[in-house]
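Inspection log for the structure reproduced underneath, given as structure tokens.
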Amino acid sequence: MSNRNILGLGIAGLVALLLPLVVHDQYVLHIAVITFIYVGVTVAWNLMAIGGTLSLGHAAFFGVGAYTVAILYVNLGVNPWVGILAAMVMAAAASMVLAVPLLRLRGPFFTLSSLAFVEVLRLLAIWAVPLTNGSVGITTPPDQGFAFISFENRQPYYFIVLAMVIVVVAFSVWLYNSRIGYHLRAMKTDEEAIRALGVHTNGLKVGTLAVSAAITGAFGAFAALYLFVIEPETQFSMTLYSVQPALNGIIGGMGTIVGPIIGAVLMTPLGEWLRTSFSGVQGLNFMIYGVALIVIVRLMPGGLVDGWKKLRGWMRRGANSNKKDGE
């Protein structure tokens, strides 16, 4: 990753930090909070994509994180901050169930097994009524204050989730440029070759899966505290937390650092705007959203980051050609 990209991320973080000083509209801040949640989940999803693994099971980790913090808080009185750490541990532990298919299956077969894992956990959450309250779900207490991560307005939520995003993006940048990151990128290109060089690819895959799941669990726990109500159909929603992060990553540029962030920042507000603008015609917002996705993927199959690189290269070649003609 170039220094220019790191500088760009730093400037974007600074702008995000200053945004609540000029924007006081609670609805806009709510959209920003939801966008940051998706940025965090998409960056976590992308950690596996760097190694060439396409997972659609992140809704499972998101739901495990949400239910862990809610159950500990409501049933046992555990502080939500401690609950978020417990959510990360539980999501990482849950990911070990997927480690078996991850090591035995490849390509679309692992992707399908990760989808099945989400559905199994959703049904378990409905079935385990004494623990999860079944389909009714769990409502977190209205206790307000920083200690309970519960506030009257959106600004405190905004800064908390922004801090989480900054930490996760910084970790992603470090990982991408570390030896582990080089191994992941090499594994994506040719797993057999890197294994022949002595790299333990199985450990690399399982470790990345656990870290990716733990980060997703943390954002699931935060979302549970932010939304107050936790129920299986939302927290284990494959559309919201499996497919959407994957789409964000693919549109922005999966396997890159900046691409998933750009994808989440663009597509989350777009989806919300379409939902509110075309609420009178059922399904029209999804149709427009789908058309936009198809156009982007057709024109830039490598994502927006790859498309921007190609456009910049084309412009440079054009400028050099004009310069030679002038000489």
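Overview of values
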{"quantity": "Filter pass, THR132 being under 14 Å from TYR226 (Cβ atoms) and open to solvent by less than 60 Å² (accessible area, probe 1.4 Å)", "calculated": "no"}
{"quantity": "Odd one out for LEU105 among (1) modelled with pLDDT of 85 or more; (2) open to solvent by 20 Å² or more (accessible area, probe 1.4 Å)", "calculated": "(1)"}
{"quantity": "One residue from LEU274, LEU293, LEU227 being hydrophobic (A, V, I, L, M, F, W, C) and free of Cβ contacts under 8 Å to residues at least 12 places away in the same chain", "calculated": "LEU227"}
{"quantity": "Residue that is most open to solvent (accessible area, probe 1.4 Å), among those in the stretch 160-215 that are part of a helix (DSSP H, G or I) and among the charged types (D, E, K, R)", "calculated": "ARG179"}
{"quantity": "Residue count for the stretch 1-11, restricted to those that are out of contact with any helix residue (DSSP H, G or I) (no Cβ under 7 Å at 6 or more places or on another chain) and either without any contact (Cβ under 8 Å) to a residue 12 or more places away in the chain or open to solvent by 60 Å² or more (accessible area, probe 1.4 Å) (or both)", "calculated": "6"}
{"quantity": "Among the candidates MET48, MET88, residue that is open to solvent by 50 Å² or more (accessible area, probe 1.4 Å), under 17 Å from the mean Cα position of the chain (by Cα), closer than 23 Å to SER178 by Cβ and of a type in the set (A, V, I, L, M)", "calculated": "MET88"}
{"quantity": "Number of the exception - THR216 against (1) closer than 26 Å to ILE6 by Cα; (2) at pLDDT 90 or above; (3) more than 13 Å from the chain's Cα centre (by Cα)", "calculated": "(3)"}
{"quantity": "Those residues of the stretch 216-245 which are part of a helix (DSSP H, G or I), in contact with a strand residue (DSSP E or B) (Cβ under 8 Å, 6 or more places away or on another chain) and either open to solvent by 20 Å² or more (accessible area, probe 1.4 Å) or among the basic types (Lys, Arg) (or both), in sequence order", "calculated": "none"}
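The values are calculated or read from the model by the stated rules, or taken from the named source; none is laboratory data. Quick caveat: nothing in here was measured; it's all calculated off a predicted structure. Here Cβ is always computed from backbone atoms with ideal geometry, including for glycine, and neighbour counts include all displayed protein chains. Note: areas computed on protein heavy atoms with side chains; ligands, DNA, RNA excluded. Shrake-Rupley method; radii C 1.70, N 1.55, O 1.52, S 1.80 Å.
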